[in-house]
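Student: The structure's right below; bear with me while I get my questions together.
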Amino acid sequence: MRVTANGKPFTVARGTTVSEFIRSEGLDPRFVVVEWNGEPLERARYDREMLSEGDRLELVRAVAGG
């Protein structure tokens, strides 16, 4: 099925969770903020929420520094 993340199309398997998608992009879900279909998604839900056809994600990697 097709989803869009940060403006780019992706094909993912049915049943893919938000957390699995983040990992497939080489990111650690602990350090990624997700907007899912225009709404913020609580990090505690990343492992439970499955992507659906046409979902739109914005992934922002948190960066520490100083």
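Student: Do the conditions hold for Met50, that is, is it surrounded by 10 or more Cβ atoms within 10 Å (Cβ to Cβ), among the aliphatic types (A, V, I, L, M) and in contact with a Gly (Cβ under 7 Å, 6 or more places away or on another chain)?
Tutor: So Met50 fits the description; yes.
Student: So, in region 1-26, of the ones that are of a type in the set (D, E, K, R) and either surrounded by fewer than 16 Cβ atoms within 10 Å (Cβ to Cβ) or touching a helix residue (DSSP H, G or I) at 6+ places or on another chain (Cβ under 7 Å) (or both), which residue ends up nearest to Asp47 (Cα to Cα)?
Tutor: Within region 1-26, the match that is nearest to Asp47 (Cα to Cα) is Arg23.
Each reported figure results from applying straightforward, stated rules to the coordinates on display, with no laboratory input. Quantities reported herein were computed from a predicted structural model and do not represent experimental measurements. Cβ sites come from the backbone with ideal geometry, for glycine too, and all protein chains shown count toward neighbours.
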